[in-house]
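Q: If you scroll down you'll find the structure; I have some questions about it.
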Amino acid sequence: METTKALKEEGGEGGQEKEVLLDGSNGSSSSGDANTNGAPKHRHTPTASYGGDEKGIYEIFGWVYHIGVNSIGHEYCHLRFLFIKGKYVMMYKRDPHENPGIKPIRKGVIGPTLMVEELGRRKVNDEDLYVIQFYNRLDESKKGEIACPTAGEARKWMEAFDHAKQQAEYELSRRGSTRNKLNMEADIDLDGHRPRVRRYAHGLKNLIRIGKGPEMLLRQTSNLGGSATSNRYFEGEFGDAIEAHEWKCVRTVNGIRIFEDVADSKRGKGALVKAVGLVDASADTAFEVILNLERRKRYEWDMLTADLELIDSYDGHYDVVYGTYDPKYLTRWQSKRDFVFTRQWFRGQDGAYTILQLPAVHKKRPSRSGYRRTPINPSTWEVRSLNSPMGSNTTKCLVTHMLEIHSSGWLRWKKNSSSKFEQTIPYALLSQVAGLKEYIGANPSLSFESSATVVQSKLSDVSTSSSEFEDLEVQDEFYDAIAGDSTSSSEDEESEDDSEKKKIKLKNVSWAISSLALKRASAPDVKTELDPNVPPVHVDASQFSGSLHKGRDETDSNCWTSPSGTGFMIRGKTYLKDNAKIMGSDPLLKLIAVDWFKVDTATDKIALHPRSLVQSDAGKKLPFILVINLEVPAKPNYSLVLYYAAERPVNKNSLLGRFVDGTDMFRDARFKLIPSIVEGYWMVKRAVGTKACLLGKAVTCKYFRHDNFLEIDVDIGSSSVARSVIGLVLGYVTSLVVDLAILIEAKEEAELPEYILGTVRLNRVKPESAVPLNA
């Protein structure tokens, strides 16, 4: 599969990281998808491409599958060419590069409330596709879906829409209000001479082509080829919170390092171990290989779980598999063995994949006569892309397989005094990393598809002027266009049943540079985030109380405390130059209370409720309160409400001031949370991770600015990935100690170094202790 992109930055400062204010529209489709039987007529691989141009417009285009249900209830899945230019989106039946003059069957404008969510893997016509959903966060009934054959392609399209939003925000910020901007679209001169951009674009002499071309799918129905180097930089191998693990390499086997966690010497007979290998492929490729259930391919690298059968799947990120294996390769016992385990996977905002595997019981696969049901050790896969050296076209990823071992043989084996451990299931699981590495190495097509080929730059010959959108209605948005019914009536469209099947050529890709940071001289003074001209007030936490009590000491449970920020790593002053992070310090805001509410449905604007401390006399006297309402989906639903107080009013000219009084799109792009499981089951630790997360891009966040407070309502249930992770956490919450840090992401030099707004430690919280909000 090929992914191509066209990056065209506008203005000398257009490449800087920007927050987004968007409005949108769409043109109704006068023709739809003729192929209504659900299967694409031509099996072309979706593509997306980046290239350089001097016209100052950001473009991305490529092949996707448009899926949905038409007006008579039939599911459809059609190959479509999606084209993003600036904030505009067009959908074609054919590649407009090869068919000049072809009209789009759908077109629209990205709106300010557009949300893009990766729904995970779904079976469509016996093919596994990765689905992306578009919806209006204010009206989720308005939605549409596209799909890609691999997780890597889905990731690239998610990034593409994010880049498109940044382009639109920059245009709007320079040219007035959203509505005026859209109503005067024809007056915008995007082809005007911009010396700084022309000099920048002139320097883009090399483009990068990645992946296989879509013509490969004319000969092959599935493709494990990954993408090339990620468009984002890697922020650090060890996450953004300091963990207590102390990994020691105890053996090297077949080029794979075997580690043991030696931090806790009181673990008893159990040991937390991991196998780590460097694989010559992208993280997308390795992830696809691990998840693939095709027996013929798994036989080449997996000695234990090669014979797998899908039993059930849920929400695109969770499935149950059944397998059998021949024990003669492991032990002297000849009885047949079988097993059932679940797989839960997700991709972090840093592009790393995590797969959780747990033994399970399923009614579709009860105990089988002649087979001995064997539990598979709980384990996790973590796959992370690595940065390639400058000038290198190779792509590599780090694959880690971690599990807990309860075996005395492990202690003897790591001292090289016994080989019996090599006949156990844990050893077979650890050996999967070596098998994966050798399998990919022995199949050059897998790794070669991920490597980049440098070709000469050429400008796009597609004419897609903004005048095409003069008839668009401001109130309509892109999800309306892509979700439109598929009824064909246009003479402009060509039939997909044409006898001549044109191959889709490889498109040039420009990895280029996604952002140009503005250089500024000074770093921010945290003291100026609050108004230094106003005398501070004494914030007495004893005046405030929430339904969850403050912990007396570290041994207390079902409580909260406020730790320092030294357990978190945040962006340092030189981060834009060297990606260096520093240890956090004390939070700017003081945590004064925590509420743990039980609610029937997710509840917003909780600060206006009479039970909220914001409505108390003491709360109304505080200069500023930041209210974080974490809406936890469960049965019943919960709201964890954190109250952070400032001793002075917010300085309106500071980063905090721009966040508090800014737009929702700005807030979504800056509101960041760093999680850390301090104590608890290691599988939960791996699921939650320690990487910083931009919450506004991961889940739906609503902001309510009123009087002396800002409330942020975080709807964790709005994301299928977040729902599955929080479901796992709730299963172990009474044994977990969780630290959270809240901050505003710094994206410009003047905003560095970052600082922590607030922290909280949740100590073994009991769900049954939640208080009904409306009692």
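Q: Within the set of pairs 6+ apart or on separate chains, which have a first residue in segment 232-247 that is in a loop (DSSP other than H, G, I, E, B) and at pLDDT 75 or above, a second that is surrounded by 17 or more Cβ atoms within 10 Å (Cβ to Cβ) and among the β-branched types (V, I, T), and C-beta atoms under 6 Å apart?
A: Listed pairs, sorted by first residue: G239/T690; D240/I674; D240/T690.
Q: Mind checking whether some residue in segment 135-151 is among the aliphatic types (A, V, I, L, M), open to solvent by 10 Å² or more (accessible area, probe 1.4 Å), farther than 18 Å from F81 by Cα and assigned to a strand (DSSP E or B)?
A: no
Q: Of the numbered conditions (1) touching a helix residue (DSSP H, G or I) at 6+ places or on another chain (Cβ under 9 Å); (2) of a type in the set (D, E); (3) under 30 Å from L773 (Cβ atoms), D604 fails exactly one; give the number of that condition.
A: (1)
Every residue, every condition in (1) assigned to a loop (DSSP other than H, G, I, E, B); (2) more than 13 Å from V433 (Cα to Cα); (3) out of contact with any strand residue (DSSP E or B) (no Cβ under 8 Å at 6 or more places or on another chain), yes or no:
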position	(1), (2), (3)
T252	no, no, no
A271	no, yes, no
G277	no, no, no
A286	no, no, no
R296	no, yes, yes
E300	yes, no, yes
L304	yes, no, no
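Q: Now for a different question. Which is open to solvent by less than 70 Å² (accessible area, probe 1.4 Å), in contact with a Pro (Cβ under 7 Å, 6 or more places away or on another chain) and modelled with pLDDT under 85, of S388, S407?
A: Details: S388 fails: in contact with a Pro (Cβ under 7 Å, 6 or more places away or on another chain).
None of the others qualify; the one that does is S407.
Q: Here is a further query. Specify which of the listed residues (I146, I84, I72, I110) is of a type in the set (A, V, I, L, M, F, W, C) and at pLDDT 90 or above.
A: I146
Q: Of the conditions (1) closer than 21 Å to A750 by Cβ; (2) open to solvent by 20 Å² or more (accessible area, probe 1.4 Å); (3) touching a residue at least 24 places away in the same chain (Cβ under 8 Å), V660 satisfies every one except a single condition; which number is it?
A: Single failed check for V660: (2).
Q: In the list E754, E711, E748, which residue meets the criterion of being more than 26 Å from D261 (Cα to Cα), surrounded by fewer than 21 Cβ atoms within 10 Å (Cβ to Cβ), over 20 Å from the mean Cα position of the chain (by Cα) and charged (D, E, K, R)?
A: Only one candidate passes the filter, namely E748.
Q: Return the pair list, or none, for Cβ contacts closer than 6 Å from residues in segment 93-107 that are open to solvent by 50 Å² or more (accessible area, probe 1.4 Å) to residues that are at pLDDT below 90 and part of a loop (DSSP other than H, G, I, E, B), at least 6 apart or on different chains.
A: K103/D492
Q: Next question. Just the residues that are in contact with a Ser or Thr (Cβ under 9 Å, 6 or more places away or on another chain), within 14 Å of K87 (Cα to Cα) and part of a strand (DSSP E or B), please, taken from segment 100-114.
A: Within segment 100-114, K107, G108, V109 qualify.
Q: To continue, here is another question. Assuming E679 fulfils every condition listed in (1) over 25 Å from S547 (Cα atoms); (2) charged (D, E, K, R); (3) at pLDDT below 95 apart from one, which condition is it?
A: (1)
Q: So, one more: Give K437, K396, K415 a once-over and let me know the one that is over 31 Å from the mean Cα position of the chain (by Cα) and either at positive phi or not hydrophobic (A, V, I, L, M, F, W, C) (or both).
A: Values: K437 fails: over 31 Å from the mean Cα position of the chain (by Cα); K396 fails: over 31 Å from the mean Cα position of the chain (by Cα).
Residue meeting the stated conditions: K415.
Q: Related question: For segment 35-50, state whether one or more residues are in a loop (DSSP other than H, G, I, E, B), modelled with pLDDT under 50, out of contact with any helix residue (DSSP H, G or I) (no Cβ under 9 Å at 6 or more places or on another chain) and of a type in the set (D, E, K, R). Step through it out loud before you land on a result.
A: Of all residues in segment 35-50, those in a loop (DSSP other than H, G, I, E, B) come to 35-48.
In the following step, the residues that additionally are modelled with pLDDT under 50 were identified as 35-48.
Next cut, out of contact with any helix residue (DSSP H, G or I) (no Cβ under 9 Å at 6 or more places or on another chain) only: 35-41.
Next, from what is left, pick out any that are of a type in the set (D, E, K, R): 41.
Within segment 35-50, one or more residues are in a loop (DSSP other than H, G, I, E, B), modelled with pLDDT under 50, out of contact with any helix residue (DSSP H, G or I) (no Cβ under 9 Å at 6 or more places or on another chain) and of a type in the set (D, E, K, R).
Q: Also, quick follow-up: Quick one: in segment 759-775, of everything that is touching a helix residue (DSSP H, G or I) at 6+ places or on another chain (Cβ under 9 Å) and closer than 23 Å to I592 by Cβ, which residue is modelled with the lowest pLDDT?
A: Initial filter on segment 759-775 (touching a helix residue (DSSP H, G or I) at 6+ places or on another chain (Cβ under 9 Å)): 759, 762, 764-767, 773.
Within this subset, residues satisfying the condition of being closer than 23 Å to I592 by Cβ are 759, 762, 764-766, 773.
On the way: T759: 97, L762: 97, R764: 97, V765: 97, K766: 96, L773: 92.
The selected residue is L773.
Q: Kindly indicate whether any position in segment 115-126 is at pLDDT 85 or above, within 28 Å of R343 (Cβ to Cβ), of a type in the set (G, A, S) and assigned to a strand (DSSP E or B).
A: Scanning segment 115-126, I find at least one residue that is at pLDDT 85 or above, within 28 Å of R343 (Cβ to Cβ), of a type in the set (G, A, S) and assigned to a strand (DSSP E or B), so the answer is yes.
Q: What number of residues in segment 695-717 are without any contact (Cβ under 8 Å) to a residue 60 or more places away in the chain and either among the polar types (S, T, N, Q) or over 30 Å from N579 (Cβ atoms) (or both)? Full working, then the answer.
A: First, pick out the residues of segment 695-717 that are without any contact (Cβ under 8 Å) to a residue 60 or more places away in the chain: 695-696, 699, 701, 703, 705.
Those left that are additionally either among the polar types (S, T, N, Q) or over 30 Å from N579 (Cβ atoms) (or both): 705.
Qualifying residue count for the region: 1.
Q: Are there strands (runs of 3 or more DSSP E) fully within segment 344-407 with at least 1 residues that are among the hydrophobic types (A, V, I, L, M, F, W, C)? List them.
A: Because the criterion is at least 1 residues that are among the hydrophobic types (A, V, I, L, M, F, W, C), the strands (runs of 3 or more DSSP E) in segment 344-407 that meet it are 353-359, 379-386, 396-406.
Q: Quick check on my filter: what residues within segment 553-569 are hydrophobic (A, V, I, L, M, F, W, C) and either under 9 Å from A741 (Cα atoms) or out of contact with any strand residue (DSSP E or B) (no Cβ under 6 Å at 6 or more places or on another chain) (or both)? First the steps, then the outcome.
A: Keep residues of segment 553-569 that are hydrophobic (A, V, I, L, M, F, W, C), which gives 559-560, 568-569.
Passing the criteria: only F568.
Q: Name every residue in segment 536-572 that is under 23 Å from I625 (Cα atoms) and among the charged types (D, E, K, R), in order of residue number.
A: D540, K550, listed by residue number.
Q: Just checking, how many residues over segment 550-601 are closer than 30 Å to P767 by Cα and open to solvent by 60 Å² or more (accessible area, probe 1.4 Å)?
A: 11
The values are calculated or read from the model by the stated rules, or taken from the named source; none is laboratory data. Just so we're clear, the structure is a prediction, and the values are computed from it rather than from any experiment. Here Cβ is always computed from backbone atoms with ideal geometry, including for glycine, and neighbour counts include all displayed protein chains. For accessibility, only protein heavy atoms count, side chains too; no ligands or nucleic acids. Shrake-Rupley method; radii C 1.70, N 1.55, O 1.52, S 1.80 Å.
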